Amino acid sequence: MSVIDVDAMPDCDNSQVRRSRRGDEKKALKLTQILSYPDENPDAVTLTLGDIERLDPGQFLNDSLIDFWCRFITQRMVDTEKEHRHRMHIFSSFLFAKLVQKGISQEERFTDALKWSQTQGVDIFSKDYVFIPICEKLHWTLAVICFAGADVTRLAGT
């Protein structure tokens, strides 16, 4: 990396260059990774300083924060309620974005989403609860599909 002495440059608005450099430093600082959860897991969610700043009042949550919280809840359930963990699945916040992707047919979207869930080793139809974080127009919603894996005859009471 080369370093340029902006004070020695003629015909240059040094204050603008300094502001630009400070802006670049702030961007780099916001990208500083501060946490990966769960530790030593290939599917860990990594949070940056910029993600943490989004927890301040008046800020909007982002997909990394939502995925972290979902992963944290899932891990807590694995640790404390192991017998119930197999009954549920929490998708990444990227699933909904995949489902509403433009330029492909509805059938292709569903097929892609189903393939994606299968690559995670999850049979969503065997679960009692499926959770899907949704971000639309800067607002987060959690869709809960109840009894997704239920046997229709069991629900009907026969």
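Quick notes on this one:
- Residues (of a type in the set (S, T, Y) and buried (at least 17 other Cβ atoms within 10 Å of the Cβ)) located in segment 63-84: S64
- Hey, F68 within 22 Å of A143 (Cβ to Cβ) and part of a helix (DSSP H, G or I) or not: yes
- Residue in segment 42-53 that is within 16 Å of the chain's Cα centre (by Cα) and at pLDDT below 80 present: yes
- For segment 42-62, the count of residues that are open to solvent by less than 70 Å² (accessible area, probe 1.4 Å), touching a Phe, Trp or Tyr at 6+ places or on another chain (Cβ under 9 Å) and of a type in the set (S, T, Y) is nonzero.
- Residue ranges of helices (runs of 4 or more DSSP H) in segment 73-143 with at least 1 members without any contact (Cβ under 8 Å) to a residue 12 or more places away in the chain: 82-85, 106-119
- Total residues in segment 54-84, condition among the polar types (S, T, N, Q) and over 17 Å from the mean Cα position of the chain (by Cα): 1
- Some residue of segment 73-80 being over 30 Å from L29 (Cα atoms) and in contact with a strand residue (DSSP E or B) (Cβ under 6 Å, 6 or more places away or on another chain): no
- Applying the condition of being at pLDDT 85 or above and closer than 21 Å to T46 by Cα to segment 93-137 and asking which residue is farthest from the chain's Cα centre (by Cα) yields F131.
The values are calculated or read from the model by the stated rules, or taken from the named source; none is laboratory data. All values derive from a computational prediction rather than experimental measurement. Counting neighbours? That spans all protein chains shown, and the Cβs are built from the backbone with ideal geometry, glycine included. Each accessible area value is taken on the protein alone, full model and side chains, heavy atoms only, with ligands, DNA and RNA left out. Shrake-Rupley method; radii C 1.70, N 1.55, O 1.52, S 1.80 Å.
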